[in-house]
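Peer 1: I'd like to ask you about the structure that follows.
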Amino acid sequence: MDAELHAKLGRLAARHHVSLFMLLQAAVATLYTRLGAGTDIPLGTPTAGRTDEALNDLIGFFVNTLVLRTDLSGNPTFTELLDRVRAANLDAYTHQDVPFERLVEHLNPARVPARHPLFQTVITFDNQTRAELDFAGLRGVMEAVGEAHAQFDLNFTFTETAGGLTGAIEYACDLFDRGTATALADRLIRVLRAVADDPERAIGSIDVLSPQERELLLVTRNDTAADTDFSRCVHELFEAEAAAHPDTVAVALGETRVTYAELNARANHIAHTLLERGLAAEEPVAVLMERSVELIAAVLAVAKAGGTYAP
């Protein structure tokens, strides 16, 4: 994220008395809800676990996991969402000493071994100043070491430095590929730019698609125009296809395969039966059947006999 966007986000967070972490959490939750993940977005985050001053001089690992639930119901503006995030997070922080394992034990959710019990996405924020590691005659540098495997479905990591704000997404390869993760990053940047420019807009109006994606979804994949003969009814078009390709499979259901000729014969038999029973032109015929080849034959038969199909 460039310096200009970083500065805008910082000013926005300060105006609404939230931390930059809270703002980024709200942006990730907004991205999720715009992608169809619902309006109750739980995100996990690590906490230092050192709220007691007595722990200051102790060496040890006290990190705990906190679940932050983000309420996006009612299509709030982004500033309204920031207020909700601040209130929910401050409330959650008062309970950060409760061991995560104790929380899972108490809630006792339905467990699936392949999924984390209370959240699938983690968000972390690092704005700590790095210690210098230079020694006499030796200069130390920080080197990123990749993880051997992902602990969560997705992990959004943000780092704030004097030069700006950067981010990374770690993803489980069983669920996502690099292209999907890259698209998530691009869309998140799009959300951040939108709220930085207009934080009073409703989150439901934030566009997460690029112009190219919008063109693909709305134009390219919907370019279904075709020359169609509207002078003939659908059963007449079917009969013409049956005459031209009688041995081609018309319907497949499980292991069953029915050709155009066979389906046409079945439909004709039912159509003759309807006419023998006195079916009048455009008279509705109620059809109550399970999903089957016979259902398709019955619908065609009603049209062949001049009736109207009523499911």
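Peer 1: Would you mind working out the accessible area per residue for the chain, using a 1.4 Å probe, and quoting it in Å²? All intermediate terms of the calculation are to be shown ahead of the outcome.
Peer 2: On the way: 19720 Å² over 311 residues.
That works out to 63 Å² per residue.
Peer 1: So how much accessible area does Thr182 have, in Å² to the nearest 10, using a 1.4 Å probe?
Peer 2: Answer for Thr182: close to 70 Å² accessible.
Peer 1: Now, a different point. Give the shape of region 45-121 as rounded, prolate or oblate, defined through the alpha-carbon gyration tensor: a ≥ b ≥ c are the square roots of its eigenvalues, a/c under 1.5 means rounded, and otherwise the shape is prolate if a/b is larger than b/c and oblate if not.
Peer 2: Numbers: a/c = 2.66, a/b = 1.27, b/c = 2.10.
Judged from the Cα gyration tensor, region 45-121 comes out oblate (a/c at least 1.5, b/c at or above a/b).
Peer 1: So what does log10 I(q)/I(0) come out to for region 177-311 at q = 0.13 Å⁻¹, using the Debye formula with one equal point on every Cα and no solvent?
Peer 2: Log-scaled intensity ratios, in q order: -0.72.
Peer 1: In addition: Pick from Tyr260, Tyr32, Tyr93: which residue has the top mean-square fluctuation in a GNM of the chain where Cα pairs under 10 Å get a spring?
Peer 2: With Cα springs under 10 Å in the chain, the top fluctuation among Tyr260, Tyr32, Tyr93 is at Tyr260.
Peer 1: Shape call for region 1-149 from the C-alpha gyration tensor, a ≥ b ≥ c root eigenvalues: rounded (a/c under 1.5), prolate (a/b greater than b/c) or oblate? List each step's numbers first, then the result.
Peer 2: Working: a/c = 1.68, a/b = 1.22, b/c = 1.38.
Here region 1-149 falls in the oblate category.
Peer 1: Something else now. Compute the signed sum of charges (Lys and Arg +1, Asp and Glu -1) over the other residues within less than 12 Å, Cβ to Cβ, of Leu165.
Peer 2: Working: positive: Lys8; negative: Asp2, Glu4, Asp126, Glu160.
With Lys, Arg at +1 and Asp, Glu at -1, the neighbours total -3.
Peer 1: Right, another one. Please identify the GluC sites (Glu not before Pro) of region 265-311 that satisfy two criteria: DSSP loop assignment and at most 13 other Cβ atoms within 10 Å. Which are they? Walk me through the numbers before you get to the answer.
Peer 2: Values: sites: Glu276, Glu282, Glu290, Glu294; in loops: Glu282, Glu290.
Loop-located and lightly packed - Glu282, Glu290.
Peer 1: Give me, ordered by chain and number, the residues 5 or more places off Val251 or on other chains with an amide H under 5 Å from its own placed amide H.
Peer 2: Val258
Peer 1: Can you compute the radius of gyration and Dmax for the chain, using only the Cα atoms, both in Å?
Peer 2: Taking only Cα atoms of the chain, I get Rg and Dmax of 30.3, 105 Å.
Peer 1: I'd like the carbon and sulfur percentage of the solvent accessible area for region 1-146, probe radius 1.4 Å, heavy atoms only, ligands and nucleic acids excluded. Display every interim value, and only then the final one.
Peer 2: Details: 4850 of 9040 Å².
C and S fraction of accessible area: 54 percent.
Peer 1: Equivalent ellipsoid semi-axes for region 196-259, as square roots of 5 times the alpha carbon gyration tensor eigenvalues: give them largest first, rounded to whole Å. Before the final figure, lay out each step's value.
Peer 2: Working: eigenvalues 419, 59, 24 Å².
That gives 46, 17, 11 Å for the three semi-axes.
Peer 1: Calculate what fraction, in whole %, of the accessible area of region 170-274 sits on carbon and sulfur atoms when a 1.4 Å probe is rolled over the protein chains.
Peer 2: Values: 3640 of 6890 Å².
Exposed carbon and sulfur together represent 53 percent of the surface.
Peer 1: Compute, for region 103-189, the length of the dipole vector about the Cα centre, with Cβ point charges of +1 (Lys, Arg) and -1 (Asp, Glu) only. Units Debye, rounded to 20. Don't skip to the end; give the middle numbers.
Peer 2: On the way: 6 positive and 12 negative charges, 35 e Å.
Using only the charged Cβ atoms, the result is roughly 160 debye.
Peer 1: What is the extension gain from Ile189 to Leu253, computed as 0.36 nm multiplied by their sequence separation minus the C-alpha to C-alpha distance, in nm to one decimal?
Peer 2: Numbers: separation 64, 0.36 × 64 = 23.04 nm, distance 4.55 nm.
Between Ile189 and Leu253, full extension yields 18.5 nm more.
Peer 1: Ok, one more. Write down Rg/Rh for region 1-73, rounded to two decimals, with Rg from the C-alpha atoms and Rh from the Kirkwood relation over Cα pairs.
Peer 2: Values: Rg = 15.9 Å, Rh = 14.6 Å.
Taking Rg over the Kirkwood Rh, I get 1.09.
Peer 1: Enter the per residue convex hull volume of region 254-311, computed from alpha-carbon coordinates, in Å³ rounded to the nearest integer.
Peer 2: Details: hull volume 3.8 nm³, N = 58.
Hull volume over Cα atoms, normalised by residue count, gives 66 Å³.
The values are calculated or read from the model by the stated rules, or taken from the named source; none is laboratory data. A quick note: this is a predicted structure, and the numbers were derived from the prediction, not measured. Don't worry about glycine lacking a Cβ; one is built from the backbone with ideal geometry, like all the others, and counts go over all protein chains shown. Just so you know, the surface numbers come from the protein's heavy atoms only, side chains and all, with ligands and any DNA or RNA stripped out. Shrake-Rupley method; radii C 1.70, N 1.55, O 1.52, S 1.80 Å.
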